[in-house]
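The values are calculated or read from the model by the stated rules, or taken from the named source; none is laboratory data. Here the structure is a predicted model, which is why all the values come from computation and not from measurement. When the accessible area is computed, the model is the full protein with side chains, heavy atoms only, and any ligands, DNA or RNA have been set aside. Shrake-Rupley method; radii C 1.70, N 1.55, O 1.52, S 1.80 Å.
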Amino acid sequence: MAIGPRGDVLVATDHGVAYRDGGRWRTVAFSAGVGAPLATVRSVFVDREGTTWLGAAGLVQVRGRGVVEHHDAANGLPGDVVWSYQRDRAGTLWAGTNRCLARAIQGEWGCFDGTRNRVVRSFAFTS
């Protein structure tokens, strides 16, 4: 669950992202580009810039105005299920996947040392 860029509540569900609209809940399923829409969304996060991120079958960045960027195994993300994600203080994007704790450095994903072949559902930074 997260507060969306317009101040509304966003909830990750098995049917996409749910939000309140006019006193009732609505659900939106995001497409990862070519292929079927994303069904199960495991986590939702809104960063400092107001960009919405979804952990699902890959990592989905909802940039707005219908622009969606999808990070998955086909474009270098280790793993095909993203359980958690966040940026560290330096701005590096990290993702807990079904294969390792991955980080994006200079546009490329790689596994953090010692986490390969591990399911990482959550993580925290110590400093």
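Evaluating 6.51 cos²θ - 1.76 cosθ + 1.60 at θ = phi - 60° for every residue in the range 5-11, the Karplus couplings come out as x, 9, x, 8, 8, 10, 10 Hz, glycine and proline recorded as x. Counting only Cα atoms, the chain measures 47, 35, 23 Å along its principal axes, largest extent leading.
Whenever you get a sec, line up Glu69, Glu108 from highest to lowest accessible area (probe 1.4 Å, protein heavy atoms). Intermediate results must be reported in sequence, preceding the final value.
Values: Glu69 65, Glu108 135 Å².
Heavy-atom accessible area, descending, gives Glu108, Glu69.
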